[in-house]
Every structure is written in structure tokens, then in C-alpha cells.
Amino acid sequence: MEEQTVVTRDAVNLSVRSVQPDDQGLLKDFFGNVSEEDRRFRFLNAGARLGDRQLDPLVSVDHWQTENFLAFDTVNGALVASALLACDTAMKTGEVAVSVHKDYRGRGVGWAMLDVLSHAAEERGLREVIAIEDREYHAAIELEREKGFEARSFEADPSLMLLVKSFA
């Protein structure tokens with residue numbers, strides 16, 4: 001994906017681009033600025049620092065079946081979001097995950113990145129995207145519902161919810 005500019009509902013201008021292998025250090029710093037709650041629900045780890053084992057899949061992408069979009073504030077250059085799309089081998093379903101810098105929460109960044117992910121999924125011809133959320137992660141569930149995701153039970157684990165957005 002070529003770099004694009006996205007404007008959030010709160011008029012934050014974001015420069016969005018695909019991750020590159022040398023972004024691992026940048027992502028390590030970024031996840032140190034994501035809320036403890038977000039880290040815990042995304043990685044099942046509330047530690048302030050993520051290790052290479054957790055970061056490798058975020059930078060080792062093929063840019064088609066798996067993509068990680070990074071969003072930077074155009075005013076100060078800060079990395080403010082990471083948005084991952086991981087597709088199944090049949091390219092029918094993709095799983096999405098978005099993390100937002102704690103100082104940018106509530107400013108429409110998550111909304112904007114879900115739009116970027118949805119566009120990328122449609123571009124790839126996916127039938128649907130899913131998000132698997134802990135039932136206690138109300139902020140993410142509500143955001144995804146507002147963006148057209150339907151909440152369903154996650155049969156394999158009652159502590160989780162499956163949120164699904166279908167494309168026509």
C-alpha cells in the first residue's frame with residue numbers, strides 16, 4: 001500500500017503506510033505507549049515492553065495475506081496506531097486488530113484504522129473480517145459494533161466474543 005492520508009472524526013491527520021522490517025524498534029516503543037488494558041487484551045500481556053516473539057509477526061508480513069498498517073500523526077510524526085489484517089489461506093476471512101497510542105484514544109483513530117482495514121479487506125476480495133475480543137473489553141466491542149461489526153458468541157471460549165463484518 002502506498003502511503004495515504006486519513007483524517008479522523010476529531011480532525012487528526014494521519015499518514016498511514018505499511019509496516020517495514022526495520023519498524024520493529026518503533027513498534028516496541030509504540031506498544032510501551034499503549035494502555036495496559038489494550039496490551040493485555042491484544043497480547044494477553046500487560047507488561048510495558050513487548051518482546052521480539054510478540055513483535056516479529058507484526059513486521060514479518062507479506063503485504064497481501066498479512067498486513068500491518070502504521071498511522072503517524074502528521075503534525076509531530078508520532079506513531080499513533082498499528083492495525084493488523086491477517087487473512088486465512090483461502091482469502092475469505094481476515095482477522096483484524098487495532099492498537100492506539102494512549103494519548104490518542106477517543107479521537108477517532110481506532111475508527112479511521114478500522115476503515116483502512118475494511119478497505120484493505122475489500123480490496124483483497126474477503127467475504128468478512130472478524131475481531132476476537134475479551135468480553136470485558138467493552139471499548140473495543142462498542143467501537144467495532146459502531147463500525148458495522150455484528151457481535152456473536154465465541155463457542156470455543158465463553159469469555160470471548162466474535163465480532164464479524166461482512167462485505168457484499
query = When the range 107-129 is examined, which residues are found to be open to solvent by 30 Å² or more (accessible area, probe 1.4 Å), within 14 Å of Ala139 (Cβ to Cβ) and under 15 Å from the mean Cα position of the chain (by Cα)?
reply = Trp111
task = Keeping to the range 71-126, report how many residues are out of contact with any strand residue (DSSP E or B) (no Cβ under 6 Å at 6 or more places or on another chain), within 19 Å of Glu150 (Cα to Cα) and at pLDDT 95 or above.
result = 6
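For (1) β-branched (Val, Ile, Thr); (2) in contact with a Lys or Arg (Cβ under 8 Å, 6 or more places away or on another chain); (3) free of Cβ contacts under 8 Å to residues at least 24 places away in the same chain; (4) in a loop (DSSP other than H, G, I, E, B), each residue gets a yes or a no:
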residue: Val129; (1), (2), (3), (4): yes, yes, no, no
residue: Glu133; (1), (2), (3), (4): no, no, no, no
residue: Ala140; (1), (2), (3), (4): no, no, no, no
residue: Glu144; (1), (2), (3), (4): no, yes, no, no
residue: Arg152; (1), (2), (3), (4): no, no, yes, no
residue: Glu155; (1), (2), (3), (4): no, no, yes, yes
residue: Met161; (1), (2), (3), (4): no, yes, no, no
residue: Lys165; (1), (2), (3), (4): no, yes, no, no
residue: Ala168; (1), (2), (3), (4): no, no, yes, yes
task = Being open to solvent by 20 Å² or more (accessible area, probe 1.4 Å) and part of a strand (DSSP E or B) is the filter here, so list the residues in the range 71-99 that pass it.
result = Phe72, Leu84, Ala86, Thr93, Glu95, Ala97, Val98
request  = Return the residue satisfying two criteria in turn: it lies in the range 143-168 and is open to solvent by 90 Å² or more (accessible area, probe 1.4 Å) and not small (Gly, Ala, Ser), and of such residues it is modelled with the lowest pLDDT.
outcome  = Glu155
ask   = Checking Val59 against (1) more than 22 Å from Glu123 (Cα to Cα); (2) at pLDDT below 95; (3) among the hydrophobic types (A, V, I, L, M, F, W, C), which single condition isn't satisfied?
value = (1)
task = Any residue in the range 16-35 that's among the basic types (Lys, Arg): show its pairings with residues that are open to solvent by 10 Å² or more (accessible area, probe 1.4 Å) at Cβ separation under 6 Å, as long as the two are six or more apart or on different chains.
result = Arg17/Glu3
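The values are calculated or read from the model by the stated rules, or taken from the named source; none is laboratory data. All values reported here derive from a predicted model rather than from experimental measurement. Cβ sites come from the backbone with ideal geometry, for glycine too, and all protein chains shown count toward neighbours. We work out accessible area using only protein heavy atoms, side chains counted, and drop any ligands, DNA or RNA first. Shrake-Rupley method; radii C 1.70, N 1.55, O 1.52, S 1.80 Å.
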